[in-house]
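Data first, discussion second: the structure below is written as structure tokens.
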Amino acid sequence: MTLYALQKLIREINRDPAVRTRFFEKTDELLAEHDLDAEERRVLAARDYRKLYALGVHGLLLRPFSILHQVSEPDYLEAIRGEPE
Amino acid sequence: MSIAYAAAISHAPGYVAWVEAAPPEQKDALYSGAERLRGELAAAELDELILFTSEHWTNFFLDHVSPICVGRADAYSGPVEPWLKIERKTIPGASELAEEILAAAYAQDVQPGFAQELAFDHGTMIPLSFLTPAMDVPVVPIIVNTLAPPQPSPESCYRFGQIVGEVARKRGKRVGIVATGGMSHDPGERNHGFIDEAFDHRFLEQMAAGDAEALRRYSVADLGAAGAGAIELLGWIALAGALGSFSGEVVAYEAVKPWATGMGLMRFDFAA
């Protein structure tokens with residue numbers, strides 16, 4: 001697992017409108033360009049907040065990332081407080 | 001000439017971005033408290049303002065982290081967050097004062113990082129929007145790494161603050177010092193929404209009493225037990241170091257559930 005690469009890409013999606021647009025519109029293409037393993041690509045594309053949090057993604061990266069997708073605070077907290085499957 | 005002003009203020013985004021989510025009496029206490037701090041700052045007729053602040057993956061990421069970073073630019077801009085409901089502005093930088101702080105620190109074998117370019121996020125823009133709404137007082141932002149372990153110890157922040165205080169006193173200008181961040185909150189983490197009010201009240205009492213011994217005894221883990229965001233109180237401890245002998249007054253404290261943050265505002269009396 002390359003938590004650093006995963007967090008770095010989430011930060012870029014959060015910060016950079018061009019990267020953000022590519023994440024929304026050409027997800028697979030963007031993810032293929034980054035040094036992520038298959039599982040990391042899957043949970044990021046699926047926006048599996050529970051798994052992303054369990055992998056160690058910092059809350060101040062993950063919560064803004066979830067806001068991009070209009071995830072409410074209760075839904076976000078329910079996701080990260082649960083046990084990953 | 002002297003340190004002409006000192007205050008501390010929390011910076012939860014809700015303070016400006018979702019104000020009305022807070023109960024009206026809490027909002028009113030925090031807004032009238034901020035107005036009092038603003039009025040006192042205006043009366044102090046500051047030439048320059050030092051900010052002990054924190055940031056939220058805005059300038060720094062895990063590719064490069066400074067434990068303490070002194071901004072040495074001639075100008076800054078912010079906020080980076082388009083949703084913050086603070087108009088994007090350019091804020092003048094007090095670069096000469098920044099150079100003096102760096103020179104004094106390095107002369108004492110204390111080596112903070114430095115940056116010629118920093119973007120301001122809500123952590124810095126919220127205090128400025130309340131305290132210097134015209135954003136016309138030149139600033140030195142000092143960003144403490146409150147995010148990525150290992151963070152600097154409270155003791156090291158206190159000692160760095162002492163150096164900043166010495167420089168401010170020798171500066172020949174009217175210098176204000178503001179700490180921002182905290183209090184108890186756990187943003188984006190499992191305990192988001194939990195506010196350790198007992199911790200906040202104890203910390204406020206120690207700041208009010210100018211109890212440097214108690215403040216220096218904290219560990220990062222002690223602060224983090226009140227939520228990851230409580231580590232931002234490192235900036236308050238640095239302020240205590242800068243002021244040396246001081247007492248404080250809690251201008252407002254509210255545990256604001258809808259903002260998920262213990263919000264503290266303090267003013268200080270100290271030897272100039």
Exercise for review: Please find, among B:Glu20, B:Glu25, B:Glu45, B:Glu87, the residue that is more than 14 Å from every other protein chain (Cβ to nearest Cβ), surrounded by fewer than 21 Cβ atoms within 10 Å (Cβ to Cβ) and closer than 29 Å to B:Gln162 by Cα.
Suggested key: B:Glu45
**Study point:** Breaking point among (1) farther than 23 Å from B:Val80 by Cβ; (2) within 11 Å of chain B (Cβ to nearest Cβ); (3) at pLDDT 95 or above, for A:Arg81
**Key:** (3)
Revision key, fill the gap. A:Arg47 passes all but one of the listed conditions (1) within 27 Å of B:Trp83 (Cα to Cα); (2) more than 14 Å from chain B (Cβ to nearest Cβ); (3) among the charged types (D, E, K, R); (4) assigned to a helix (DSSP H, G or I); the exception is number (4)
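Which of the residues that make up the range B:256-268 are charged (D, E, K, R) and over 17 Å from the mean Cα position of the chain (by Cα)? Even if it seems obvious, please write down each step before you answer.
Of all residues in the range B:256-268, those charged (D, E, K, R) come to B:257, B:267.
B:Lys257 - this is the single residue of the range B:256-268 that is charged (D, E, K, R) and over 17 Å from the mean Cα position of the chain (by Cα).
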Revision key, fill the gap. When every residue in the range B:204-229 that is part of a helix (DSSP H, G or I) and touching a strand residue (DSSP E or B) at 6+ places or on another chain (Cβ under 8 Å) is compared, the one surrounded by the most Cβ atoms within 10 Å (Cβ to Cβ) is B:Gly229
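Per-residue answers, yes or no, for (1) among the β-branched types (Val, Ile, Thr); (2) farther than 30 Å from A:Ser66 by Cβ; (3) part of a loop (DSSP other than H, G, I, E, B); (4) in contact (Cβ under 8 Å) with a residue 40 or more places away in the chain:
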| position | (1), (2), (3), (4) |
| --- | --- |
| B:Ser156 | no, yes, no, yes |
| B:Arg159 | no, yes, no, yes |
| B:Gln162 | no, yes, no, yes |
| B:Val167 | yes, yes, no, yes |
| B:Gly172 | no, yes, yes, yes |
| B:Ser184 | no, no, yes, yes |
| B:His192 | no, no, yes, yes |
| B:Asp200 | no, no, no, yes |
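Here is a yes/no grid of residues against (1) away from chain B (no Cβ under 11 Å); (2) assigned to a helix (DSSP H, G or I); (3) of a type in the set (Phe, Trp, Tyr):
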residue: A:Glu40; (1), (2), (3): yes, yes, no
residue: A:Val57; (1), (2), (3): no, no, no
residue: A:Gln70; (1), (2), (3): yes, no, no
residue: A:Asp75; (1), (2), (3): yes, yes, no
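The values are calculated or read from the model by the stated rules, or taken from the named source; none is laboratory data. All values derive from a computational prediction rather than experimental measurement. Neighbour counts run over all protein chains shown; Cβ positions are idealised from the backbone, glycine included.
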